[in-house]
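Asker: To start, I am sharing the structure in question, which I have written as structure tokens.
All of the numbers you see were taken from the coordinates with simple rules; none came from a lab. Owing to the predicted nature of the structure, the values given are computational and were not obtained by experimental measurement. Cβ placement follows ideal geometry from the backbone for every residue including glycine, while neighbour counts extend to all protein chains displayed.
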Amino acid sequence: MAFDTPLTRMFEIDLPIVSAPMAFVAGGRLAAAVTEAGGLGLIGGGYGDPDWLEAEQRAAGNTPVGIGFIAWRLKDRPELLTQALALKPRAALLSFADIAPYAHAVKSSGARLIAQVQTVAQARRAAAAGADLIVAQGTEAGGHNGLRATLPLVPAVVDAVGPLPVLAAGGIADGRGLAAALTLGAAGVLVGSALVAATEALVAPAAQARLTAASGDETARGSEVDLLRGYDWPDGYKIRTLDTPFLAAMRAAPPKDQAAVEALRQAYEAARADGDLTVTPVIAGEAADLIRQTAPAADILQAMAIQAEQILRARPGLKA
Ligand SMILES: Cc1cc2nc3c(=O)[nH]c(=O)nc-3n(C[C@H](O)[C@H](O)[C@H](O)COP(=O)(O)O)c2cc1C
């Protein structure tokens, strides 16, 4: 495969594909599989569990991988970043908060600093704070996101922060999406939902089966999941998941008081323990239609790369 972008050059990788640092889903095995397949794998440091983090960083073995954090959680627990950087990740991706307080620590560790942003203004701030790479994330994405859509956000961020390289995220799950992202001026893509279906992902087979049967029509974006899990997300961020009857009912009739919230939390926790997918959602985005089978991460990356290369060589829409 012949990809040559600022991303592939920065990390000396073959494919312009980075795997998303998905909390609870992207452990060391998935991250290592992505790097071994020619991309760059990131471990999902998520909300921050120091023992989990260390075990997963070690599970990647000698394969170079990066790490990602939900940055507003680091405010009260900066030691998590120190701990992760001590194991010398290739990159640290920080999302959903100002990266400035952590830029020096990341860069002086030798890791590349990646900022995942949801607006052009955030991209400018992250660039000024010293990011080596910006991920422009559209609202199509699985997991938490903002309101802008990938297609217009990516070129706007490219224009705003260039020549700093930009990755596209949100709704990219096949070679068509990868080719489109490169056409928009991105140096590559950050892929989450498609890798929820990877055999190396820390996802139950029933949840993967739900995803591979789902359509992007079935996703919903809301705050119910965060209320139930007790995560106090900053304003503006909501989580996109495959919807469940339980969450839809909660949206239609929000709990009126704390006692009602507690009752819902207990039901949610019990369902999570049972793996009841009518209550707890599979976290995935609008690309769900494009994800039709579970497969090793290497196969998922290969298929994306081959299809993108074919499209880019064919120059669709142009006369020969
Ligand atoms: C299951 C899941 C968990 C996620 N967890 C995180 C996270 O912990 N931190 C983060 O920065 N982004 C997280 N994301 C968002 C990804 O970083 C990325 O923006 C998104 O997956 C890209 O869109 P896509 O899902 O359409 O590929 C998550 C996404 C998914 C699907």
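Asker: Going by average Cβ neighbours within 10 Å, how do the peptides 196-208, 234-246, 51-63 rank, with the highest at the top? Mind showing how you got there, number by number?
Answerer: Details: 196-208: 19.7, 234-246: 17.7, 51-63: 15.5.
Going by the mean number of other Cβ atoms within 10 Å, highest first, we get 196-208, 234-246, 51-63.
Asker: Relative contact order for the range 205-274: what percent, with Cα pairs under 8 Å and sequence separation of 6 or more? Present the calculation step by step, with values, prior to reporting the outcome.
Answerer: Working: 37 pairs, mean separation 22.3, N = 70.
Relative CO of the range 205-274 lands at 32 percent.
Asker: Helix 258-274 versus the longest principal axis of the chain: what angle, 0 to 90°, nearest 10, using Cα atoms?
Answerer: 60 degrees
Asker: Still on this structure: Cα-based Rg of the range 161-320 per 2.2 N^0.38 Å, rounded to two decimals?
Answerer: Details: Rg = 18.6 Å, N = 160, 2.2 N^0.38 = 15.1 Å.
In units of the globular-protein estimate, the range 161-320 measures up at 1.23.
Asker: Using Cα-Cα distances under 8 Å and only pairs 6 or more residues apart, what relative contact order does the chain have, in percent? Each step should come with its number before you reach the end.
Answerer: Numbers: 676 pairs, mean separation 54.9, N = 320.
It comes to 17 percent, rounded to a whole number.
Asker: Could you give the length gained by full extension between A260 and A55, i.e. 0.36 nm per residue of separation minus their alpha carbon distance, to one decimal place? Mind dumping the intermediate values first?
Answerer: Numbers: separation 205, 0.36 × 205 = 73.80 nm, distance 3.69 nm.
Working it through step by step, the gained length comes to 70.1 nm.
Asker: I'd like the per residue volume of the convex hull spanned by the Cα atoms of the range 62-217, given in cubic angstrom. Don't skip to the end; give the middle numbers.
Answerer: Numbers: hull volume 20.1 nm³, N = 156.
Residue-normalised Cα hull volume stands at 129 Å³.
Asker: Obtain the nm distance between the two label points defined at Q307 and D289 by a simple spin-label model: each point lies 7 Å from its Cα along the Cα-to-C-beta direction.
Answerer: Computed distance between label sites Q307 and D289 equals 1.2 nm.
Asker: Which value, in debye to the nearest 20, gives the size of the charge dipole of the chain about its Cα centre, when Lys and Arg are +1 and Asp and Glu are -1 at the Cβ?
Answerer: 740 debye
Asker: For the chain, modelled as a Gaussian network with Cα springs under 10 Å, which listed residue fluctuates most, A213, A32, A136?
Answerer: Taking springs between Cα atoms under 10 Å, the residue moving most is A213.
Asker: Helix-only estimate, please: 222 nm mean residue ellipticity of the chain, summing -39500 (n - 2.57) across DSSP H runs of length 4 or more and dividing by its residues, to the nearest 500. Show your work: numbers first, answer last.
Answerer: Values: 15 runs with 137 residues, N = 320.
Calculated mean residue ellipticity at 222 nm is -12000 deg cm²/dmol.
Asker: At 7 Å along the Cα-to-beta-carbon direction for both N62 and S215, put a label point, then send me their distance in nm to one decimal.
Answerer: For N62 paired with S215, the spin-label model returns 5.0 nm.
Asker: On to the next question. Determine, for each peptide in 12-25, 251-264, the mean count of other beta carbons within 10 angstrom over its residues, then list the peptides with the highest first.
Answerer: On the way: 12-25: 24.4, 251-264: 11.3.
Final packing ranking: 12-25, 251-264.
Asker: Considering only P50, P64, P296, give the residue with the highest GNM mean-square fluctuation for the chain, with springs between Cα atoms whenever their separation is below 10 Å.
Answerer: Among P50, P64, P296, the largest GNM mean-square fluctuation belongs to P50.
Asker: Which of the three applies to the range 9-64, rounded, prolate or oblate, going by the alpha-carbon gyration tensor with a ≥ b ≥ c and a/c under 1.5 meaning rounded?
Answerer: Values: a/c = 2.47, a/b = 1.79, b/c = 1.38.
Verdict is prolate for the range 9-64.
Asker: Where is the GNM fluctuation largest for the chain (alpha-carbon springs, 10 angstrom cutoff): G275, G285, G46?
Answerer: Most flexible of the set in this elastic network: G275.
Asker: Taking the radius of gyration and the Kirkwood hydrodynamic radius from Cα positions alone, what is the Rg/Rh ratio for the chain, to two decimal places? Spell out each step's value before the answer.
Answerer: Numbers: Rg = 18.7 Å, Rh = 19.6 Å.
Rg/Rh: 0.95.
Asker: Shifting gears a bit: Run the quick spin-label model on K88 and D76: label points 7 Å from Cα toward the beta carbon, then report their separation in nm to one decimal.
Answerer: So the two model labels end up 3.4 nm from each other.
Asker: Shape of the range 197-266 from its Cα gyration tensor (a ≥ b ≥ c, root eigenvalues): rounded if a/c is under 1.5, otherwise prolate when a/b > b/c, or oblate?
Answerer: Numbers: a/c = 1.91, a/b = 1.84, b/c = 1.04.
Verdict is prolate for the range 197-266.
Asker: Let me ask something additional. At what distance in angstrom do the alpha carbon centres of the range 252-306 and the range 34-50 lie from each other?
Answerer: Cα centroid to Cα centroid, the span is 20 Å.
Asker: Which of rounded, prolate or oblate describes the range 1-144 when judged by the alpha-carbon gyration tensor and an a/c cut-off of 1.5?
Answerer: Values: a/c = 1.41, a/b = 1.05, b/c = 1.34.
Rounded shape, in that the Cα axes give a/c under 1.5.
Asker: Continuing with the same structure: Multiply the residue separation of R124 and D14 by 0.36 nm, subtract the distance between their alpha-carbon atoms, and state the gained length in nm to one decimal. Could the numbers behind the result be given before it?
Answerer: Values: separation 110, 0.36 × 110 = 39.60 nm, distance 2.82 nm.
Taking 0.36 nm per residue and subtracting the Cα distance, the gain is 36.8 nm.
Asker: Right, something else. Which percentage, to the nearest 5, of the DSSP beta bridges contained in the chain is antiparallel? Walk me through the intermediate numbers first.
Answerer: On the way: 7 of 36 bridges.
Rounded to the nearest five, the antiparallel share is 20 percent.
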